[in-house]
Structure formats: C-alpha cells, structure tokens
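Engineer: Sharing a structure with you now.
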Amino acid sequence: MKSLVPLKSLKMTLSALALSASCGAAVAADSLTITSWGGAYQTSQDEAYYKPYTAKTGIKIVQEEYNGEAARIRAMVESGNTTWDAVDVDAATAQQGCDEGFLTPIDYSKFGGEAAFVKGSTFECGIPTIIYSTIYAYDADKIKDGPTTIAGLFDTKKWPGKRSLQKTPFGNLEFALMADGVPADKVYETLKTKEGVDRAFKKLDTIKKDIVWWEAGAQPPQLLASGEVVMATAWNGRIFNANKVDKKNFKIVWDGQLLDYDLWAIPKGVKDLDAVYKFIEFASSPEAQAAQTKYISYGPALLAATPLVSPDILKDLPTAPANAKTALANDPVFWGDNKEELLKRFNTWIAQ
C-alpha cells in the first residue's frame, strides 16, 4: 500500500535521534513523536496533519518511520520506555496490539462514536485514518474493451495473457470466491469452511499457469508497463501514482476491491495521553481527512470527510460511492485466526 518515494528530511531524522539519545523517553510536552510508513504516504500526513497542527498549536511533530513491525512497539512498551506517542498501524497490528496489551484502547466518545467512521473500520485499539484497497488493473492502451468485474481477472478466454497476483493467500482467496459467484458479504463465512477454502483454490487453479507472482508494491505497475502481464492486482495508490506521475493509462477495476485500513494507535505508557488524543482529534476532523486526499489516493475513514473531497479527486478513491458498491472489507480477525494454516496450504499449492 505504501508509496515508495522516501521524503523524510535528514534534519527530521537527526532531530529524532538526538531527542532519543538525550532523554531516552517520550519527547517533551511541547512536541509529539509520531511514527508512520515513510514515503509519499507520510508526506501526505505531514501536509494534511503535522504542519497544520504545529501551525495551530505550536506543538512540534517529530517524525519517525518504521516498516510496520509490531515487535518494535511491543518491545518499547515492555521496556517501560515508550518513545512513540502515536503510531500509524495496519489492521492486523491494531488487533494484535489489543490482544497482547501493548496498545491503548481508544475512547471513541472523543470522536463522535464509532458510527462516525466507515462501517467495519474501527478497532478497540486503533482509530481509522485512511482506507485503501487491493484492486486489479489493466493497461487500457493495450486492452481497449477491458473487464469491469472481478470475474474478468480469471477469464483467460476473453482476455488471454498472464496475470500478476501478490504472493500471499490474503486477497487471492477472497478474489477467487467473488469471481466464482460468492457475494462479498458471504466471503469470510464461506472461507471459514473447508469446502469454501477448497472452492477458492479450485478457482485459482483455473489461472495458475498464467500467474506471475509479485511481492513488492512497485512490481504490478512495472509488470503492466512492460507488457509481461495483461492484468495485475495491486494497491490502488500504486496504480494511481503510475497514472499521475508516469503518465500511464492503467484502468482500475473496482468491482470486488478488498478494503483495508490504516489506523492511529497509542502505545501503552505514553507520557501525555491527553496531548496525543488532541492531535488525533485534529487529524480525525473532516477537514483534515479530506485535505489528505489532495496528496494521496486513499479514502478518508471519517464519513463526514467524504462530502468535502473534491469530485475530481473522489472518483479515484476506494471510498467513492461508485467505486465502493461491491467492496469487501478485510476481516483481520479471520486472518489472525487462520493465517498460518492458509499460508501453509497456499505455499504448498504454489509448489505443486
């Protein structure tokens, strides 16, 4: 999901290191240390949240980066030396952090209640900030009459050629079932049964010989651009970026998109919980979440933000009403319970 271009300044890096070395604890009350994924995504947060918040309050935002390692947050909390005040986490980490007790439960009364956010996006220990999705796309310069439904990804008779899928069971099993006719709201119910899992793998069997696997987010646009594949699953922001920056003509098929979330999480042991909440309240305002869409093509999680998004931007977001009609929301509880078993079967299937 996260964009590739690392834009955090050296000055910020040195500042964070100096603070950590000098005090070994969370920064003083006139600053907050916030950790995210780097790249263009973190730049969008800087423009929409950090700079405006500093301008409004005088509180400095010290930025850190990580690669989503939940173990780093856990180790920090267990050591009694919590130096990150807020962390941008994925859904799996939000769930894990609550289960293992290293993240703080969120007081949703400060944000208008859970009903203020896109249904299914709220977590006990994480408040949603953006919604992104895994979709599939094709090069409209090479395919003039392209597919419009998830079934097209599996239709090699009408659209022959290689497909690129992420080398993981996550997403692929859901896509396979939806392409095989399972309604989005029945996908995880189906996957909880042996018959449902068998059905998903049977559908994947139909295109197995045509699959080129990808493991890094930059690969799908590259594979489409080179013509090595005719279709590719990808994070929607990667395809948008290829069109905007590289002037490609890639067409996203939104049908059956798999929605996922990034969330603000608060590690246990922060020195000033009230100050952290005040920042997250600011970042969870309709105006701030709508502003972020100017810099990255991910949808706001706050329902009240969507009407504030410019129509020419909204059309490219996963949360646009026209794009979200048949969307499926990722179920992190299902994957938390079944990931190990399904990953083992998936790897065995690939090797066969």
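The values are calculated or read from the model by the stated rules, or taken from the named source; none is laboratory data. This is a predicted model, so every value here is computed, not measured. Glycine also receives a Cβ, built like all others from the backbone with ideal geometry; neighbour counts cover every protein chain displayed. Note: areas computed on protein heavy atoms with side chains; ligands, DNA, RNA excluded. Shrake-Rupley method; radii C 1.70, N 1.55, O 1.52, S 1.80 Å.
Engineer: Can we say A26 is modelled with pLDDT under 50, outside any helix (DSSP H, G or I), open to solvent by less than 30 Å² (accessible area, probe 1.4 Å) and in contact with an Asp or Glu (Cβ under 9 Å, 6 or more places away or on another chain)? If you could, list the steps in order and put the result at the bottom.
Structural biologist: Details: modelled with pLDDT under 50: yes; outside any helix (DSSP H, G or I): yes; open to solvent by less than 30 Å² (accessible area, probe 1.4 Å): yes; in contact with an Asp or Glu (Cβ under 9 Å, 6 or more places away or on another chain): yes.
Yes.
Engineer: Just name the residue that is most open to solvent (accessible area, probe 1.4 Å) out of those in the range 206-243 that are in a helix (DSSP H, G or I) and aliphatic (A, V, I, L, M). Full working, then the answer.
Structural biologist: Our first condition is that a residue be in a helix (DSSP H, G or I); within the range 206-243, this holds for 208-210, 219-226, 236-243.
From what's left, aliphatic (A, V, I, L, M): 223-225, 239, 242.
On the way: L223: 21, L224: 1, A225: 42, I239: 0, A242: 5 Å².
In this case the residue turns out to be A225.
Engineer: Before we move on, is L259 aliphatic (A, V, I, L, M), open to solvent by less than 10 Å² (accessible area, probe 1.4 Å) and part of a strand (DSSP E or B)?
Structural biologist: Here the answer is no, as L259 does not meet what is asked.
Engineer: Any idea how many residues of the range 314-334 are open to solvent by 40 Å² or more (accessible area, probe 1.4 Å), farther than 30 Å from E100 by Cβ and among the hydrophobic types (A, V, I, L, M, F, W, C)?
Structural biologist: The total comes to 1.
Engineer: Can you name every residue in the range 58-80 that is free of Cβ contacts under 8 Å to residues at least 60 places away in the same chain and open to solvent by 30 Å² or more (accessible area, probe 1.4 Å)?
Structural biologist: If the condition is that a residue be free of Cβ contacts under 8 Å to residues at least 60 places away in the same chain and open to solvent by 30 Å² or more (accessible area, probe 1.4 Å), then G58, K60, E64, E65, N67, E69, A71, R72, R74, A75, E78, S79 are the ones that fit.
Engineer: Specify which of the listed residues (L258, L308, L273, L342) is at pLDDT 95 or above, closer than 30 Å to S79 by Cβ and of a type in the set (A, V, I, L, M, F, W, C).
Structural biologist: Checking each option against the conditions leaves just L273.
Engineer: Restricting attention to the range 155-179, which residues are open to solvent by 60 Å² or more (accessible area, probe 1.4 Å) and without any contact (Cβ under 8 Å) to a residue 60 or more places away in the chain?
Structural biologist: Those that are open to solvent by 60 Å² or more (accessible area, probe 1.4 Å) and without any contact (Cβ under 8 Å) to a residue 60 or more places away in the chain: K157, K158.
Engineer: When you scan the range 263-344 for helices (runs of 4 or more DSSP H) that lie fully inside it, which ones turn up with 1 or more residues that are of a type outside the set (A, V, I, L, M, F, W, C) and under 17 Å from S133 (Cα atoms)? Full working, then the answer.
Structural biologist: Numbers: elements: 273-283, 286-292, 311-314.
Qualifying helices (runs of 4 or more DSSP H): 286-292.
Residues checked against (1) in contact with a Cys (Cβ under 8 Å, 6 or more places away or on another chain); (2) in a strand (DSSP E or B):
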{"site": "V62", "(1), (2)": "no, yes"}
{"site": "G68", "(1), (2)": "no, no"}
{"site": "M76", "(1), (2)": "no, no"}
{"site": "N81", "(1), (2)": "no, no"}
{"site": "V89", "(1), (2)": "no, yes"}
{"site": "P105", "(1), (2)": "yes, no"}
{"site": "Y132", "(1), (2)": "no, yes"}
{"site": "A137", "(1), (2)": "no, yes"}
{"site": "T148", "(1), (2)": "no, no"}
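Engineer: Considering only the range 34-45, I want to know if a residue exists there that is hydrophobic (A, V, I, L, M, F, W, C), in a loop (DSSP other than H, G, I, E, B) and open to solvent by 10 Å² or more (accessible area, probe 1.4 Å). Walk me through it before giving the result.
Structural biologist: To start, the set of residues in the range 34-45 that are hydrophobic (A, V, I, L, M, F, W, C) comprises 34, 37, 40.
Then keep just the ones that are in a loop (DSSP other than H, G, I, E, B); that gives 37.
If we keep only those that are open to solvent by 10 Å² or more (accessible area, probe 1.4 Å) as well, we get 37.
Yes, that holds for at least one residue.
Engineer: Determine, yes or no, whether W254 is surrounded by 20 or more Cβ atoms within 10 Å (Cβ to Cβ), of a type outside the set (A, V, I, L, M) and closer than 17 Å to A116 by Cα.
Structural biologist: The answer is no for W254.
Engineer: Please go through the range 170-190 and give me each residue that is under 15 Å from K208 (Cβ atoms) and either modelled with pLDDT under 95 or hydrophobic (A, V, I, L, M, F, W, C) (or both), ordered by number. First the steps, then the outcome.
Structural biologist: Applying the first criterion (under 15 Å from K208 (Cβ atoms)) to the range 170-190 yields 172-173, 175-176, 179-180.
L173, F175, A176, A179 - these are the residues of the range 170-190 that are under 15 Å from K208 (Cβ atoms) and either modelled with pLDDT under 95 or hydrophobic (A, V, I, L, M, F, W, C) (or both).
Engineer: Right, another one. If a residue has to be over 18 Å from F123 (Cα atoms) and surrounded by fewer than 20 Cβ atoms within 10 Å (Cβ to Cβ) to count, how many in the range 81-97 make the cut?
Structural biologist: Here the count works out to 1.
Engineer: Could you list, in sequence order, the residues of the range 51-92 that are of a type in the set (S, T, N, Q) and closer than 20 Å to Y261 by Cα?
Structural biologist: Across the range 51-92, the qualifying residue is only N67.
Engineer: For G112, work out the one condition from (1) farther than 24 Å from N67 by Cβ; (2) open to solvent by less than 50 Å² (accessible area, probe 1.4 Å) it doesn't fulfil.
Structural biologist: Checking G112 against (1) farther than 24 Å from N67 by Cβ; (2) open to solvent by less than 50 Å² (accessible area, probe 1.4 Å), the one that fails is (2).
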